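Worksheet: one structure, shown below.
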Amino acid sequence: PEDTVTSSFASFIHAAQPEHLSQTVRQRSKRMILDSIGVGLVGSTTRVFDIALRYCRELYSSVAVSSVYGKPGVKLSPTLAAFTNGVATHSMDFDDTWHPATHPSGAVLPALLAASQMLPSNTKPNGLDFLLAFNVGLEVQGRLMHFSTEAHDIPKRFHPPSVVGTLGSAAATAKLLSLSSAQCCHALGIAASLAGAPMANAATQAKPLHMGNATRLGLEAALLAGRGMEANPLILDDIPGCSGFSAFYSVYQPKPLSAPGEHHEFLLEKQDIAFKRFPAHLGMHWVVDAALSVRNLFINYAGSFSPSLIRTIVLKIPVSKYINRPFPSSEHQARHSFQFNACAALLDGEVGLGSFSESSIHRQELRELLDKVVVEHPEDNVANFDKMYGEVALLLHSGDVLMGKCDTFYGHWRKPLSKESLLKKFRSNASHVLPEEKIEAIITLVDNLENLSDSSQL
């Protein structure tokens, strides 16, 4: 069918060309690629990554052509490499976040890296082709999220990367594989049947599987479409009485996607990405910056940080059940706990990789601070990454009250990381598994991605 929402998306994927990417979009997406690689590399040091890698190596025999983050010499089949690298990317919840809320890079980049290595040497996409496919995957994710007002808030039902990320991966891979418009349409339809994961698995080791599956299954959807498999050509349209992609949202109002060109502006042009300074749910970054602010006030007040002077710690945060965790008992719960991150910042003056170790989580002094926390939910503090704030108030035994508030943390799209900060994060993450010369080579490669003749080098 022509003139449908689904056909407009398929036509967009097929027709997009490198010249449609503005300089702003190119630069922002290259920052995302570099950050996502770094996050994947440090993520390859985690237990959940080891479980996923061992699963793939032991249970599947395959043509091993695609590389695995942080494991020199280890290769898997393209789909399993995409899965494993997707798990690595989200294993610490350290990956980028967009608005409406999702983690866009981790659902797309591992699929493209794996597919680039899969293709025959005489058909390898160049760096500009790679960059275009990456942005097509981002655009599809962003447009799908804008079809529902529900998607603008912190999710309650489905984990967004498992939904829009799967279709974004399919779109990106379909573009890299140069599928026809009809095949792109079927790739989206197949991906929709492979999408979806519940939010109840947030703060567990299963959550990184959502990202691994999104990037892997999107890649598989494109490969299947390229081999002739068909799906509903109206999958993105709102058909009364027959749910397609609308099954994932209670409110769904799709609109056609305009053709790429002078009248189309990529969403990344208008909406930058949030990069995380420490490995935790994005909401934690507001309360950490608020806690660090009030901690400085406390030190000026008392001369040092003395927990015994504090009677009560009041957190003013949005209502969001899965990140309201008073006493987290694991690293994944701690990454999704307003209370833990606020208290860790107060106690240590920072939050970093080491904050989520077993020894750090179970410290007696940290537990004593957690006992003092009271949570409030002001009506004006909504669960929305574009509107929320974090506030931390210290009620002292003396009767004095000290308060810190954060409306926009450093790294948010309204207050983006500087190039120096982004490079510092990448170098720190990559240094866990790579020597300095390889780290600098990756930085140079991504920075000059448009000029790369063979994207599989990445």
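Structure notes:
- Judged by the mean number of other Cβ atoms found within 10 Å, the most tightly packed of the peptides 359-371, 189-201 leads the ranking 189-201, 359-371.
- Whole-number percent relative contact order across the stretch 57-111, with pairs defined as alpha carbons under 8 Å at least 6 apart: 26
- When the solvent-accessible area of the chain is split by element, carbon and sulfur atoms take up 50 percent of it, the probe being 1.4 Å.
- The stretch 53-112: chymotrypsin sites (Phe, Trp or Tyr not before Pro) in DSSP loop, at most 13 other beta carbons within 10 Å: Tyr60
- Angle of helix 104-118 to the longest C-alpha principal axis of the chain, folded into 0 to 90 degrees and rounded to 10: 40°.
- Each residue was assigned an accessible area with a 1.4 Å probe, and for Val319 the value is about 100 Å².
- Across every pair of non-identical alpha carbons in the chain, the mean reciprocal distance, once inverted, gives a Kirkwood radius of 22.4 Å.
- Ranking by accessible area, most exposed first, for Cys242, Cys406 with a 1.4 Å probe: Cys242, Cys406
- In straight-distance terms, cross-link reach from Lys438 covers every one of the lysines whose alpha-carbon lies under 26 Å from its own, apart from those fewer than eight places away in the same chain; here that gives Lys30, Lys71, Lys75, Lys124, Lys276, Lys419, Lys424, Lys425.
- Taking a ≥ b ≥ c as the square roots of the eigenvalues of the alpha-carbon gyration tensor, the stretch 67-219 is classed oblate because a/c is 1.5 or more while a/b is no larger than b/c.
- Summed over the residues of the chain and divided among them, the accessible surface reaches 39 Å² per residue at a probe radius of 1.4 Å.
- Over the stretch 282-406, the reciprocal of the mean inverse Cα-Cα separation, the Kirkwood hydrodynamic radius, stands at 14.3 Å.
- Order by protection proxy (mean Cβ within 10 Å, highest first), peptides 392-403, 211-222: 211-222, 392-403
- Each DSSP beta bridge with both residues in the chain is either parallel or antiparallel, and the antiparallel ones are about 80%.
The values are calculated or read from the model by the stated rules, or taken from the named source; none is laboratory data. Every value quoted in this text rests on a predicted model; they were computed, and no experiment measured them. Please note: Cβ atoms are built from the backbone with ideal geometry, for glycine as well, and neighbour counts cover all protein chains shown. For accessibility, only protein heavy atoms count, side chains too; no ligands or nucleic acids. Shrake-Rupley method; radii C 1.70, N 1.55, O 1.52, S 1.80 Å.
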